[in-house]
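The values are calculated or read from the model by the stated rules, or taken from the named source; none is laboratory data. These numbers come from a predicted model, not from an experiment. Neighbour counts are summed over all protein chains in view; Cβ atoms, including those assigned to glycine, are modelled from backbone coordinates with ideal geometry. These area figures cover heavy atoms from the full protein model, side chains too; ligands, DNA and RNA do not enter into them. Shrake-Rupley method; radii C 1.70, N 1.55, O 1.52, S 1.80 Å.
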Amino acid sequence: MKVCIIGQGYIGLPTAALFCRNHCEVVGVDISEEMIKNLNNGIIHIEEPGIADIIKKAVEQKVYTASLTPEKADAFIITVPTPYIAENYSCDLSYVITACESILPYLEKGNIVIIESTIAPMSTDETIKPIFEKEGFTIGKDLYLAHCPERVLPGKIIEELIHNDRIIGGVTPECAIKASEVYGQFVKGDLMLTEAKTAELSKCMENTFRDVNIALANELAKICAEIGVNALDVIEMANKHPRVNLHSPGPGVGGHCLAIDPYFIYAKAPETAKIIKLARDTNNSMPEFVCSYVKKIIPNGKIAVLGVSYKGNTGDDRESPAYEIIAELSSDYEIAIHDPHIDNPNFVSLEEATEDADLILILCDHDEFKNLDYDLISKNMTSAIIFDTKNIIKEVPSEIKLFNYGNLYELN
């Protein structure tokens, strides 16, 4: 099988790697000339375990080629971004539409087209299907169209692409069957065949479920800070109940999924999706909440920000609330940023970030931050204070003051 994958980012490239490893020929398409050049030299641009070795070997074996333009193939997979339109919270399908139009000259009867990008319910039937029908294809007879959303965890993408159950949403039953044959090349989890619109809403609800539950934890943290209760103790105690699983509060919600996908549902039914919108508002309010307590801890000075990735142990900073927090604090404080997982010339080492700093602000739960060099911190900082918004530091030496969501009420 030859597979052409449009988009070589956090989903497209790992997907390409697995097809290559399972005896398929793959063309990976993207718009970045530098990325394409690097990929054809076996150099990848994302931090994800296992991917680099597979792609390097696939390039050497000539089963993987990166290209600026598509090629004829048996199956085409679209894995491009789908941001939301701020004015009305609806799904921006422009990248998906452009990707679909880009493969039109290469389509032949019998081909399979799969949309992996997360899209709003009804998008496949109402917007994407007509693109191919205008070219004379009959969906379900001579072209097979499906929405098969990715559902993976950064840091474990290879493992989860293989072992997670996969939703196969066909425009017709025949489309679902054909798409399942594509994923059957490497997926060991169940292939769940359904309608495209059901697949679309299922993916959006998976992320909405997590967003709503994180919002509940964040709202609890706010309440506890206001009324003088240790939020972390409340969560620990409540979670001893066999049917309770409160999430951990944090500085906000990031990533290309949780911070965006709930809006796709809300935009479809804004008068009904009240809990979904309120959860989004709550999580969007957390950067301001963090900044307000930073200002209570220190009125001015230097802040060492640790971590801007939206998720620990990855270099993925898409939609990270850290950037909003940094922007808000930059007007009143000197900011030095340290993130060992992101290659940014403006970021500095831990030693440089903490030098003469008045506060360490932890915004990401990288493993490197769970056991900091406290001797270095005590020696470097003007005042040894840590505000841990990810609740990952359990104990510090007596000379260091630690704030987290358990004791913020002390500042009121």
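Listed by first and then second residue, the pairs linking a residue in the range 31-47 that is within 15 Å of Ala58 (Cβ to Cβ) to a residue that is basic (Lys, Arg) and open to solvent by 60 Å² or more (accessible area, probe 1.4 Å), with Cβ atoms under 7 Å apart and 6 or more places separating them unless they lie on different chains, are Gly42/Lys56.
Has the range 382-391 got any residue that is outside any strand (DSSP E or B), over 27 Å from Thr282 (Cβ atoms) and open to solvent by less than 30 Å² (accessible area, probe 1.4 Å)? Checked the range 382-391: at least one residue is outside any strand (DSSP E or B), over 27 Å from Thr282 (Cβ atoms) and open to solvent by less than 30 Å² (accessible area, probe 1.4 Å). A count restricted to the range 251-272 and to residues that are in contact with a Ser or Thr (Cβ under 9 Å, 6 or more places away or on another chain) and either β-branched (Val, Ile, Thr) or without any contact (Cβ under 8 Å) to a residue 40 or more places away in the chain (or both) stands at 2. Counting the residues of the range 263-296 that are over 13 Å from Met205 (Cβ atoms) and out of contact with any Cys (no Cβ under 9 Å at 6 or more places or on another chain) gives 23. Of all the numbered requirements in (1) at pLDDT below 95; (2) open to solvent by 10 Å² or more (accessible area, probe 1.4 Å), Phe137 misses one, and that requirement is (1). Checked against (1) buried (at least 17 other Cβ atoms within 10 Å of the Cβ); (2) part of a helix (DSSP H, G or I), Pro121 passes all but condition (2).
State whether one or more residues within the range 194-209 are surrounded by fewer than 20 Cβ atoms within 10 Å (Cβ to Cβ), under 30 Å from Lys296 (Cα atoms) and modelled with pLDDT of 95 or more. Taking every residue of the range 194-209 in turn, none turns out to be surrounded by fewer than 20 Cβ atoms within 10 Å (Cβ to Cβ), under 30 Å from Lys296 (Cα atoms) and modelled with pLDDT of 95 or more.
Look at Asp356 and say whether it is touching a Lys or Arg at 6+ places or on another chain (Cβ under 8 Å), within 28 Å of Glu219 (Cβ to Cβ), open to solvent by 30 Å² or more (accessible area, probe 1.4 Å) and at pLDDT 95 or above. Judged against the criteria, Asp356 is not a match. Please go through the range 364-381 and pick out each residue that is out of contact with any Ser or Thr (no Cβ under 6 Å at 6 or more places or on another chain), open to solvent by 10 Å² or more (accessible area, probe 1.4 Å) and in contact (Cβ under 8 Å) with a residue 12 or more places away in the chain. Listed by number, the residues that qualify are Asp365, Asp367, Glu368, Lys370, Leu372, Asp373, Tyr374, Leu376, Ser378.
A count restricted to the range 1-28 and to residues that are part of a helix (DSSP H, G or I) and open to solvent by less than 10 Å² (accessible area, probe 1.4 Å) stands at 8. When the residues of the range 174-190 are narrowed to those that are part of a loop (DSSP other than H, G, I, E, B) and either farther than 11 Å from Met1 by Cβ or in contact with a helix residue (DSSP H, G or I) (Cβ under 7 Å, 6 or more places away or on another chain) (or both), which ends up most open to solvent (accessible area, probe 1.4 Å)? Here the answer is Lys188. With respect to the conditions (1) buried (at least 21 other Cβ atoms within 10 Å of the Cβ); (2) of a type in the set (A, V, I, L, M, F, W, C); (3) in a helix (DSSP H, G or I); (4) in contact with a helix residue (DSSP H, G or I) (Cβ under 7 Å, 6 or more places away or on another chain), Ala322 lacks only one, and its number is (4).
Among the listed residues Ile31, Ile103, Ile55, Ile77, which satisfies the condition of being crowded, with 18+ Cβ neighbours inside 10 Å and either assigned to a loop (DSSP other than H, G, I, E, B) or over 24 Å from the mean Cα position of the chain (by Cα) (or both)? Step by step, each of Ile31, Ile103, Ile55, Ile77 is checked, and only Ile103 is crowded, with 18+ Cβ neighbours inside 10 Å and either assigned to a loop (DSSP other than H, G, I, E, B) or over 24 Å from the mean Cα position of the chain (by Cα) (or both). For beta carbons closer than 6 Å, sequence separation of 6+ or different chains, a first residue in the range 393-407 that is open to solvent by 10 Å² or more (accessible area, probe 1.4 Å) and a second that is of a type in the set (S, T, N, Q), the qualifying pairs are Glu399/Ser378; Asn404/Asn391. State all residues of the range 80-100 that are aliphatic (A, V, I, L, M) and in a helix (DSSP H, G or I); if no residue qualifies, say none. Answer for the range 80-100, where residues must be aliphatic (A, V, I, L, M) and in a helix (DSSP H, G or I): Val96, Ile97, Ala99.
Residues that are polar (S, T, N, Q) and at pLDDT 95 or above do not occur anywhere in the range 361-374.
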